[in-house]
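No value in this document is a laboratory result; all are computed from the given coordinates. Please read all numbers here as calculations on a predicted model, not as lab measurements. Cβ placement follows ideal geometry from the backbone for every residue including glycine, while neighbour counts extend to all protein chains displayed.
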Amino acid sequence: MAAYPEVKTAEEFGKQPEEYQTAVKKILVSHAINELYGAQVFDEPAIKFAPTPYAKWLTCRVAMEEYHHHVRFKGLADEVGVPAERMDTKNKKPLNIFEFPLKSWEEFCVIKLLADLAEILQVEDLLHCSYVPLRNVARTTMPEEKFHAQFGRDFCTELIKTPEGKSRVQDAVNRYFPYLPHFFGAANSTNNALYRKYSLKQRKNEDMRADYLNRVKELLDSLGLDMPSLEAAA
Amino acid sequence: MNTHPEAWFSALGTPLGEGEADEIRAYLEGLGVEAALPALLVGSWGQAETLTRGPVGGWWDTEEAERTRLERLARVDPADAEWLATTEMLHGAAAIAAARSGIADPGLIRAAAGAATYAAHQHRLARAAGMPPGHPFMRKYALFCGGRWPLGVYGDRFAIF
């Protein structure tokens, strides 16, 4: 499939086919909402679970970065005329990954380890997006997403140093991992086909999910943790 | 918000002035913590990290109880674009101060930025709730504005970088 030409500004965006505009708006809304939900239900509440001042302040900074990601994607959506209510968490049901009830520091560290890795894959897929303002936001956001996943890895590494800690981290992995494969959307998705048609995204949902599962396996192996069965995630 | 972002983290490790000692006393007294606690002047980023990686003390819970009380009186939006620009400025100030000391650890820099952000948030909340200038969140914020990083109570001392 030939690459769709670059669309460099919001003004040029207005001259694109309706289908292109709708597709970009869906991606923007999805990212704006997900970043906001993540900050509201995981990052900000996690400050109280962090065991040390260092971890609390670091979590506070991470929460602010997630809120900032929301603002960046929302800013792009505002530019192309997406109504604000479409990006209000009060009006849109969250993805299932945000329904996990956060109750401990171990759970939060696992969420950063696994969910932020999933987010990295989603943002990676936008790094060559035909809509240049979205591509630029993806490129700006990526280093912070990588830091957040590293945050999860560093704190999980600390926690698993004791048998009790390792058991708690494994338990959190077992309970949170099943939510994640669905994050990549359905196989043979018509939305995803449109995104690829217009060079907004590069990969099929099923290919991203397979890549993610491989990366999770590698990550958990490196920490000496077990990957739950895919049946658990079905 | 402080209009001199370059001042944040600019006095780390330098001797405490009399005015700063007064701010610390006012902060502790306002929180209901022993106001006469001696100060522990932290001299390096490494020492600050080691100290703050230890278990959190009761002072944090006391601050959180006050934050919860203020949130019943006023709300501030954590996703407000202007506020987020301020938090970026604080991150920048922490990164510059760390670089001056040869520190490039992104975690430690973010922890410092997070501490400043939390203090700025508490200050913003206290103002929105109509608290007087002597409120402990105002006093802690003043210490940050003066270039310090107040680290909290550890054992029987108040640590400040």
Of A:M87, A:M64, A:M142, the most mobile residue in a GNM of chain A (C-alpha springs, cutoff 10 Å) is A:M64
Low-density loop cleavage sites - GluC sites (Glu not before Pro) in region A:1-87, where at most 16 other Cβ are within 10 Å (DSSP): A:E6
Which lysines, on any chain, are close to B:K140 with Cα under 20 Å apart, when same-chain ones fewer than 8 places away are left out? A:K48, A:K56
Taking r as the C-beta separation of B:E82 and A:K48 and R0 as 22 Å, the FRET efficiency to the nearest 0.05 is 0.25
Convex hull volume of the protein assembly as shown per residue (C-alpha atoms, cubic angstrom): 150 Å³
At q = 0.08, 0.13, 0.15 Å⁻¹, base-10 log of I(q)/I(0) for region B:5-160 (Debye sum, equal scatterers on each alpha carbon): -0.21, -0.58, -0.79
Contact order normalised by length for chain B, with contacts defined as Cα pairs under 8 Å and 6 or more residues apart; what percent is it? 43 percent
Please give the calculated 222 nm ellipticity per residue for chain B, where each DSSP H segment of at least 4 residues contributes -39500 (n - 2.57) and the sum is spread over every residue; nearest 500 deg cm²/dmol? -18000 deg cm²/dmol
Just need the relative contact order of region A:1-113 here, percent rounded to a whole number, with Cα pairs under 8 Å and 6+ apart. 34 percent
So what is the 222 nm mean residue ellipticity for chain A from helices alone, if each DSSP H run of at least 4 adds -39500 (n - 2.57) and you divide by all residues, rounding to the nearest 500 deg cm²/dmol? -20500 deg cm²/dmol
Proximal lysines relative to A:K204, as straight alpha-carbon distance under 23 Å, when same-chain residues fewer than 8 apart are discounted: A:K25, A:K26, A:K146, A:K217
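At most 13 other C-beta atoms within 10 Å and a DSSP loop state: those are the exposed trypsin sites (Lys or Arg not before Pro) I care about. Give me the longest piece of chain B that has none.
Details: sites that count: B:R72, B:R75.
For trypsin sites (Lys or Arg not before Pro) (loop position, at most 13 other Cβ atoms within 10 Å), the longest site-free span of chain B is B:76-161.
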Based on the alpha carbons, how large is the Rg to Rh ratio for region A:10-223 when Rh follows Kirkwood? 0.98
Simple SL model, points at 7 angstrom along Cα→Cβ for A:N188 and B:T14; separation in nm is 6.9 nm
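Can you give the Kirkwood hydrodynamic radius for region A:30-119, in Å, rounded to one decimal and based on Cα pairs? Mind showing how you got there, number by number?
Numbers: mean 1/r = 0.0734 Å⁻¹.
For region A:30-119, the Kirkwood estimate is 13.6 Å.
Output the relative contact order of chain A, whole-number percent, from Cα pairs under 8 angstrom with separation of 6+ residues. If you can, show how the numbers build up before the last one.
Details: 285 pairs, mean separation 52.9, N = 234.
This gives 23 percent for chain A.
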Connecting every pair of Cα atoms under 10 Å apart in chain B and solving the GNM, the largest mean-square fluctuation among B:L70, B:L90, B:L143 falls on B:L70
Which whole-Hz couplings ³J(HN,Hα) result when phi for each residue of region A:95-104 is put into the Karplus expression 6.51 cos²θ - 1.76 cosθ + 1.60, θ = phi - 60°, listed in order with x for Gly and Pro? 5, 4, 5, 8, 8, 5, x, 6, 10, 7
Restricting region B:9-90 to GluC sites (Glu not before Pro) in coil, as DSSP defines it, with at most 15 other Cβ within 10 Å: B:E34
For region B:70-90 and region A:130-204, what is the separation of their C-alpha centers, rounded to whole Å? 27 Å
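Residues with beta-carbon under 14 Å from that of A:R196, excluding A:R196: net charge, scoring Lys, Arg +1 and Asp, Glu -1?
Working: positive: A:K26, A:K197, A:K201, A:R203, A:K204; negative: A:E19, A:D125, A:E206, A:D207.
So the surrounding residues net to +1.
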